[in-house]
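Visitor: Dropping the structure in here first, questions after.
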Amino acid sequence: MSPTIGRAALVALWLTSVGPGVATAVAQTSNFGPYEADASKPRAPGWTVTPGIGVGTGWDDNVLSRANVDSPVGDYTNVINPTVGLSLNGRFDQLNGFYSGAFQRYRQFGPLNSYDQQASVSWRRLLSKRFTLVADESFSRAPTTELVQVVGVPFARTGTTLQEAHAGIEAKLTARTTLSGNYNFEAVQFDTNPFTPPLPGGHSQGGTGGWRYRVSELTTLVADYDGQHATITNGLGTFAIQNITGGVERRISDLTYVFGSLGLAHVSVSAYGPAQTGPAWRAGIARQFLRAGFELTYSRSVVASYGFGGALKNDEVVARARVPVARRISVQSSVAWRTDQALTIAEPNLRSFWIEGDIGYAWQPWLRLEGYYASSNQTVERPGGFVERRQIGIRLATTHPMRIR
């Protein structure tokens, strides 16, 4: 996770319900989002453009992402972070786009200077009272694997490119029943360099489906299916992964929401190994405290391993919180823990852990001073397989929405 790469908004997370998700090998680049003073207010109709820029400086204690036994080295960094957001709130359409770039310059390690990028776009089209078309696409480019949190990939100073796309339809069958279906595509590509072992990368495509039945105002029954056909670059062929779960969502109060699902995960027989079937689940809680929010989720699924090949059993716990300390001061933090266990070929197991913390002071609605801390570590089950990295710094950011009339 990186405090310098552009981030998708988090504030809206506390204002929406969080349900069972799709098993994917690609995770978000960061758990934080840009500060939005008026995120809780209804969107104005029409087009809105939100340009922004941030400048910052900080310390990185492991710029090469080396294992601890290899004597990691640190350096100071300076970052310029331009951003732009675009949104349309129309009668039938909702469109949101976001782009962020980070010019990162090291004081001593000039060859590591980079321009990291992240972009996303999502669209919703209301066809009728019952049917809605949905689509989204995201792209990110980072100088290390650790920043983008790809499942089953060892931390390394290797350029990483991620791309995801989804398109589908949501249907309101009755007053109580909804059904959704999506086509999904994801691709992971790693650069090659003489200093780190090569990583294969790959791509997958497939479909997801979701069913919701509202039993009452507080309780909803859910069922989710995810099927992916994965290909590892220069690997042993393709294989299929399926995750299916069913459960319940429960709104305990106006501000508290819990959910839980249980099911099965299956990996097809392939050149990587025999077919395997095991349990899959997802559970969590989300709590809103006026302007503050908290979320905790735990999940198990089977995903493709783009770092070694084959399939992995992925267990993941994520906690996020955002708390306004005073009228102008807010704190947000995130903790993520993950274990990846090989199911098909003899690859090493991984245990990864991330912590982020951010405290910000809003001088003006459009100007914010932030201090951040980020820590990540990973244990690979092989000699000398522990990698740790810490970053700390300050950042001055300005952003201002503008209506297009």
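Every number in this text was worked out from the coordinates using simple rules, so none of it is lab data. Owing to the predicted nature of the structure, the values given are computational and were not obtained by experimental measurement. Neighbour counts run over all protein chains shown; Cβ positions are idealised from the backbone, glycine included.
Visitor: By how many nm would the segment from residue 105 to residue 398 grow when fully extended, if each residue of separation counts as 0.36 nm and the alpha-carbon distance is taken off?
Guide: Length difference between fully extended and current span is 103.4 nm.
Visitor: Going from the alpha-carbon gyration tensor of the chain, what semi-axes, largest first and in whole Å, does one get by taking the root of 5 times each eigenvalue?
Guide: 31, 30, 19
Visitor: Please compute the modelled spin-label separation between residue 75 and residue 92, points set 7 Å along Cα→Cβ, answer in nm with one decimal.
Guide: Modelled inter-label distance: 5.3 nm.
Visitor: If you wrap a convex hull around the alpha carbons of region 145-232, what volume per residue comes out, as a whole number of Å³?
Guide: Taking only Cα atoms, region 145-232 has a hull volume of 108 Å³ per residue.
Visitor: Also, I was wondering about something else. By what distance, in whole Å, do the Cα atoms of region 274-405 stretch along each of the three principal axes, largest value first?
Guide: Computed over region 274-405, the largest-to-smallest principal extents equal 59, 34, 32 Å.
Visitor: In the chain, with Lys and Arg counted as +1 and Asp and Glu as -1 at Cβ, which of these residues, 274, 135, 115, has the Cα nearest the positive end of the dipole, that is, farthest along it?
Guide: 135
Visitor: Measure out, as a whole number of angstrom, how far apart the alpha-carbon centroids of region 333-371 and region 176-243 sit.
Guide: Result: 21 Å between the Cα centres.
Visitor: Given Cβ point charges of +1 (Lys, Arg) and -1 (Asp, Glu) and nothing else, what value in debye, to the nearest 20, does the dipole of region 11-404 about its Cα centre take?
Guide: Approximately 1260 debye in magnitude.
Visitor: Then there's this: Taking a label point 7 Å from the Cα of residue 290 along the Cα→Cβ vector, which residues of region 239-271 have an amide N closer than 16 Å to it?
Guide: Of the residues in region 239-271, 255 have backbone N under 16 Å from the label point off residue 290.
Visitor: Could I ask something else about it? Arrange 313, 172 by Cβ neighbour counts within 10 Å, fewest through most, would you?
Guide: Arranged by neighbour count, lowest to highest, 313, 172 become 172, 313.
Visitor: Along the charge dipole of the chain, which of 326, 65, 51 sits closest to the positive end, that is, farthest toward it, with unit charges on the beta carbon of Lys, Arg, Asp and Glu (+1, +1, -1, -1)?
Guide: 326
Visitor: Give me 295, 381 ranked fewest to most by other Cβ atoms within 10 Å of their Cβ, as a rough exposure proxy.
Guide: Neighbour counts put them in this order, fewest first: 381, 295.
Visitor: Around residue 164, under 11 Å between beta carbons, what's the net of Lys plus Arg minus Asp minus Glu among the other residues?
Guide: Taking every Cβ under 11 Å from that of residue 164, the sum is -3.
Visitor: Select from 383, 363, 341 the residue farthest towards the positive end of the dipole of region 339-390; place +1 on Cβ of Lys and Arg, -1 on Cβ of Asp and Glu, and compute about the Cα centre.
Guide: Towards the positive end, the residue furthest out is 363.
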